[in-house]
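Enquirer: My questions will all concern the structure given below.
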Amino acid sequence: MARYNFRETEAKWQAIWQERRSFVAVQRSDRPKYYVLEMFPYPSGRLHIGHVRNYTLGDVVARFKRAQGFNVLHPMGWDAFGLPAENAAIAHKVHPAVWTYDNIRVMGEQLRIMGLAYDWTREVATCAPEYYRHEQKMFLDFLKAGLAYRKESLVNWDPVENTVLANEQVIDGRGWRPGAPVEKRQLCQWFLRITDFAEELLDGLKTLERWPDKVRVMQENWIGRSSGARLSFRRTDGVAEGIEVFTTRPDTLYGAAFVAISPNHPLAASLAAGNPALAGFIAECNRIGTSEAAIETAEKNGFETGLTVRHPFVEGAVLPVYVANFVLMDYGTGAIFGCPAHDQRDLDFARKYGLPVKAVVIPDGADADAFSVGTEAYTGPGTLRHSGFLDGLDVESAKQSAGERLEQTGQGRRTTVYRLRDWGVSRQRYWGCPIPVIHCAECGIVPVPDSQLPVRLPEDVSFDKPGNPLEHHPNWKHTACPTCGKPAVRETDTFDTFFESSWYFARFTSPGEATRGFDSAAADYWLPVDQYIGGIEHAVLHLLYSRFFTRALKRCGYLAVEEPFAGLMTQGMVTHQTYKDAEGGWLYPEEVEEKDGRAVNIDTGAPVAVGRLEKMSKSKKNVVGLEKVVDAYGADTARLLLMSDSPPERDLEWTESGIDGAWRFLNRLWRLATESPFALPPAGTPIPAVRSAKAEAALRAVHKAVAAVTEDLQKFHFNKVVARIRELTNTLAELDGSGAGEAEILRVGLEALCSLIGPIAPHIAEELWHSLGHDGLLADRPWPGFDPALITDDSVTVAIQINGKLRATITVARDLAASEIERIALAEPAVVRVLQDKPPRKVIVVPNRIVNIVA
RNA sequence: GCGGGCGUGGCGAAAUGGUAGACGCACCGGACUUAAAAUCCGUUGGCUUAUGGCUGUGGGGGUUCAAGUCCCCCCGCCCGCACCA
């Protein structure tokens with residue numbers, strides 16, 4: 001018999017699925033809907049095998065849910081705007097659009113050979129005007145709703161990419177993609193008012209029960225809610241305007257020793273105008289920058305301004321005002337009061353500048369007068385002392401009470417602040433969606449009227465000069481003001497590319513919709529996405545932006561849901577060993593072979609250093625090409641390995657032996673179905689009532705496997721699914737046809753195996769299903785059920801322990817009375833031997849499971 | 001510093017508080033073969049005086065008839081955030 005010919009088989013079934021439109025989704029009410037989505041890729045070039053784990057995970061879910069009777073939507077598209085296209089344009093003199101669409105074509109082909117059950121009729125590319133025109137409209141709606149605004153502010157500037165980055169896109173002081181240190185620049189930029197939703201976005205996390213805790217925590221931290229009070233310190237120099245600070249510890253106000261403002265605080269700037277020394281100090285602070293390394297090593301420095309302010313509660317008491325380098329302008333009010341005894345940073349500062357340290361929170365059990373703070377601030381619980389009206393209160397009550405007093409005296413109010421900043425969406429680049437506004441000298445900022453949408457990117461564009469090509473374009477930006485008709489200039493900034501990915505999941509519900517981004521009825525039918533799958537790296541970026549965007553769209557009447565993704569799975573990376581030659585250069589896996597237990601260069605024989613497991617990436621050359629694997633083993637084999645061994649959220653190591661093992665298994669399954677040593681009865685032959693013990697056990701194994709695989713698929717325990725399928729295959733392989741019913745049960749078992757492995761290895765499953773004599777598609781078959789009576793055995797193995805140690809096992813009838821089990825257990829030779837005639841002190845019998853004898 | 005996660009054979013991993021190591025990879029032995037590949041069968045946590053015994057889930061304690069699993073303390077690794085007032 002011929003080996004399994006995966007090349008022919010996979011191509012054949014892919015063609016049939018396409019021809020029969022098997023995975024084209026239709027809105028219908030007779031089945032519950034299920035929307036499964038993988039984070040769509042940026043078309044950057046070619047996919048390697050590591051990329052497709054994500055898509056395979058989604059595909060297994062999609063195919064399983066479809067078999068279970070859900071109306072499944074499983075679309076795919078391209079997050080097609082982005083800087084790499086422009087960099088390629090600069091490096092290779094190729095137009096970004098050409099480069100992008102080339103990559104889409106190549107990567108689309110790659111996805112197709114994996115046999116993924118996508119509804120390709122819904123494919124979208126976000127760089128198409130038919131797509132981005134709708135987000136221009138959304139932006140204008142946001143503008144009307146007050147959710148978009150323009151302001152000048154200090155922003156993150158990436159000097160390599162020559163563009164602004166949002167806070168979320170700066171990691172450790174560096175740009176999120178190329179990793180260049182980010183600078184601060186004062187620029188006029190468009191922002192989306194994500195902070196309007198800070199509370200909702202935080203509260204909404206609680207409803208996302210099918211999200212990993214890790215992601216929820218990360219978003220929680222990013223939004224960063226703190227409750228406290230704002231209060232204004234009155235100046236002693238008669239200036240009416242006070243210094244407003246935010247604090248989470250109003251209870252410690254009696255321990256206040258100073259007030260400090262940020263070097264970027266407006267007051268600091270105005271004071272510096274008449275004070276060269278202060279101006280120098282501020283310049284020094286800004287020079288050091290905000291990078292992590294700089295912050296780590298920077299000493300706490302302050303500059304005494306000479307200003308003093310009045311204590312809010314203590315008549316006559318005054319505090320000095322400093323400019324301090326550790327006070328951030330963009331958190332709270334850009335000013336703090338310092339309570340050295342109960343804040344480590346304030347303590348360090350106070351010690352350095354000789355400020356008083358007065359403990360006002362006394363730990364329970366400590367002597368209020370003797371308690372003092374040395375080099376470590378006390379931040380724990382306790383009782384308020386030396387604190388006027390707060391004396392005797394605990395910390396929580398004192399916060400309350402101090403807040404109330406501030407409100408009563410008109411000096412402040414209790415409030416909540418967030419770490420979250422508004423989302424800056426302006427980018428100074430070409431390959432993005434143009435921001436649809438016009439700057440008119442007379443009328444100011446004028447939205448582009450709907451009738452003039454989309455604002456298309458010009459096709460004739462030059463990348464000769466550094467900076468924004470739209471800015472340099474000879475005529476694109478020149479236009480007439482829609483309001484007054486006079487010459488005006490287009491906005492030349494484009495949107496952050498996270499704009500496109502913030503609503504594509506809604507576009508997929510009605511991708512042909514021409515008047516709006518999507519049809520509301522379609523969005524309301526399909527959304528939220530029931531299962532979203534992607535990398536953890538978007539925990540705060542894309543996943544937070546999308547949650548905000550969905551709420552903003554709801555406010556503007558586009559759709560009804562608030563949370564776009566009801567379930568989220570963050571898959572681990574695919575890793576591979578790394579190889580380096582003597583010069584420290586990376587080598588591809590195919591350049592390395594093993595010889596006498598050592599890794600050597602396949603051409604030169606030179607020794608190769610085997611490095612640690614790392615995420616597959618082009619830069620480390622530890623990638624395995626997708627076509628290479630599919631050519632040698634087929635898509636099913638690759639899919640099987642990607643689902644085996646590791647649970648989805650953990651990393652998966654790609655190895656040659658792993659792919660061999662997966663390939664061996666598929667061939668074993670193939671042989672079992674096509675080369676059985678005894679003839680299978682025709683499809684539909686009933687299983688005889690009288691059957692051999694072996695046949696009976698096999699039948700039960702089939703039902704148990706169906707039950708277990710169904711449950712494990714539901715829980716996304718795909719590695720266990722594969723184990724169950726292998727187990728059943730092993731059991732069926734032991735049938736030799738000698739006993740009554742074996743042939744019928746082998747057929748039933750093989751049919752079940754087709755169904756069970758269908759979501760993972762769909763091509764071979766279809767082929768075997770067909771070869772077993774079925775005409776229809778396995779993909780159209782309902783998920784198999786099981787007989788509950790057959791998944792429990794009539795006899796059970798009961799473990800017998802003495803003092804918790806296993807001494808024997810006995811096989812008894814299921815649900816045998818405890819007293820009977822105890823009698824049998826005590827008669828076991830091993831038990832008798834260990835007990836040596838001494839009567840047991842106690843016997844615990846857990847029916848059908850275990851007996852523990854306490855001797 | 002704060003937050004989250006993890007720690008089980010040579011490796012990837014299983015295990016509603018109830019027989020630790022399912023399933024696989026690798027290794028070793030055997031069958032088939034002139035030979036190899038492929039395939040099939042078998043062994044494989046460690047120690048041991050071996051049809052048995054002891055021991056074993058990062059370390060230490062605790063709860064329980066029974067702990068990889070629950071509780072407390074400690075160690076190590078990974079990830080995220082971080083001058084956040």
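Enquirer: Tally time: how many residues in region A:727-760 are more than 16 Å from RNA strand B (Cβ to nearest atom) and within 20 Å of A:Ala62 (Cα to Cα)?
Expert: 5
Enquirer: Residues that are crowded, with 22+ Cβ neighbours inside 10 Å, modelled with pLDDT of 95 or more and in contact with a Cys (Cβ under 9 Å, 6 or more places away or on another chain): which helices (runs of 4 or more DSSP H) entirely in region A:49-139 hold 1 or more of them?
Expert: Those helices (runs of 4 or more DSSP H) span A:96-113.
Enquirer: Restricting the search to region A:176-223, which residues are over 21 Å from the mean Cα position of the chain (by Cα) and among the basic types (Lys, Arg)?
Expert: Scanning region A:176-223 gives A:Lys184, A:Arg185, A:Arg193.
Enquirer: Turning to a different aspect of this structure: Name the residue that is nearest to A:Leu231 (Cα to Cα), counting only residues in region A:303-325 that are within 16 Å of RNA strand B (Cβ to nearest atom) and touching a helix residue (DSSP H, G or I) at 6+ places or on another chain (Cβ under 6 Å).
Expert: A:Val323
Enquirer: Further question on the same structure: Among the candidates A:Gly585, A:Gly567, A:Gly605, which residue alone is of a type outside the set (Val, Ile, Thr) and in contact with a Lys or Arg (Cβ under 6 Å, 6 or more places away or on another chain)?
Expert: A:Gly567
Enquirer: Can you name every residue in region A:365-382 that is over 14 Å from A:Ala341 (Cβ atoms) and in contact (Cβ under 8 Å) with a residue 12 or more places away in the chain?
Expert: Answer for region A:365-382, where residues must be over 14 Å from A:Ala341 (Cβ atoms) and in contact (Cβ under 8 Å) with a residue 12 or more places away in the chain: just A:Pro381.
Enquirer: Sort through A:Glu593, A:Glu583, A:Glu563 and tell me the only one that's farther than 25 Å from A:Leu47 by Cβ and either surrounded by 18 or more Cβ atoms within 10 Å (Cβ to Cβ) or in contact with a Gly (Cβ under 6 Å, 6 or more places away or on another chain) (or both).
Expert: None of the others qualify; the one that does is A:Glu563.
Enquirer: Give the residues of region A:495-546 that are at pLDDT 95 or above, β-branched (Val, Ile, Thr) and over 17 Å from the mean Cα position of the chain (by Cα), sorted by residue number.
Expert: Hit for region A:495-546 is A:Thr509, nothing else.
Enquirer: Condition test on A:Lys704, is it farther than 21 Å from A:Ile764 by Cα and within 16 Å of RNA strand B (Cβ to nearest atom)?
Expert: Yes; evaluated as a whole, the condition is true for this residue.
Enquirer: Scan region A:208-223 for residues that are surrounded by 14 or more Cβ atoms within 10 Å (Cβ to Cβ), in contact (Cβ under 8 Å) with a residue 12 or more places away in the chain and within 11 Å of RNA strand B (Cβ to nearest atom) and report the count.
Expert: 7
Enquirer: Limited to region A:608-667, what total is found for residues that are part of a helix (DSSP H, G or I), more than 14 Å from RNA strand B (Cβ to nearest atom) and surrounded by fewer than 14 Cβ atoms within 10 Å (Cβ to Cβ)?
Expert: The number of residues fulfilling the criteria is 3.
Enquirer: Is region A:25-32 home to any residue that is modelled with pLDDT of 95 or more and crowded, with 24+ Cβ neighbours inside 10 Å?
Expert: No: region A:25-32 contains no residue that is modelled with pLDDT of 95 or more and crowded, with 24+ Cβ neighbours inside 10 Å.
Enquirer: Quick one: which residue in A:Leu205, A:Leu253 is without any contact (Cβ under 8 Å) to a residue 24 or more places away in the chain and within 14 Å of RNA strand B (Cβ to nearest atom)?
Expert: A:Leu205
Enquirer: Among the residues of region A:342-354, what is the count of those that are surrounded by fewer than 20 Cβ atoms within 10 Å (Cβ to Cβ) and in contact (Cβ under 8 Å) with a residue 40 or more places away in the chain?
Expert: Total satisfying the criteria: 4.
Yes or no, residue by residue, for (1) in a strand (DSSP E or B); (2) within 9 Å of RNA strand B (Cβ to nearest atom); (3) not polar (S, T, N, Q):
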{"site": "A:Thr809", "(1), (2), (3)": "yes, yes, no"}
{"site": "A:Asp815", "(1), (2), (3)": "no, no, yes"}
{"site": "A:Glu820", "(1), (2), (3)": "no, no, yes"}
{"site": "A:Arg823", "(1), (2), (3)": "no, no, yes"}
{"site": "A:Val834", "(1), (2), (3)": "no, yes, yes"}
{"site": "A:Asp837", "(1), (2), (3)": "no, no, yes"}
{"site": "A:Pro840", "(1), (2), (3)": "no, no, yes"}
{"site": "A:Ile844", "(1), (2), (3)": "yes, yes, yes"}
{"site": "A:Ile853", "(1), (2), (3)": "yes, yes, yes"}
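Enquirer: Report, by residue number, each residue of region A:553-600 that is more than 26 Å from the chain's Cα centre (by Cα) and of a type in the set (Phe, Trp, Tyr).
Expert: Within region A:553-600, A:Tyr579, A:Trp586, A:Tyr588 qualify.
Here is a yes/no grid of residues against (1) farther than 18 Å from A:Arg551 by Cβ; (2) in contact with a strand residue (DSSP E or B) (Cβ under 6 Å, 6 or more places away or on another chain):
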| residue | (1), (2) |
| --- | --- |
| A:Thr126 | yes, no |
| A:Tyr131 | yes, no |
| A:Lys137 | no, no |
| A:Leu140 | no, yes |
| A:Lys144 | no, no |
| A:Ala148 | no, yes |
| A:Ser153 | yes, no |
| A:Trp157 | yes, yes |
| A:Asn162 | yes, no |
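Enquirer: Suppose the filter is within 18 Å of A:Ala148 (Cβ to Cβ), buried (at least 18 other Cβ atoms within 10 Å of the Cβ) and among the basic types (Lys, Arg); does A:Arg490 pass it?
Expert: The answer is yes for A:Arg490.
Enquirer: Might you check whether a residue that is aliphatic (A, V, I, L, M) and in a helix (DSSP H, G or I) occurs anywhere in region A:3-15?
Expert: yes
The values are calculated or read from the model by the stated rules, or taken from the named source; none is laboratory data. Computed from a predicted structure; not experimentally measured. So basically every Cβ, Gly included, is an ideal-geometry build from the backbone, and we count neighbours across all protein chains shown.
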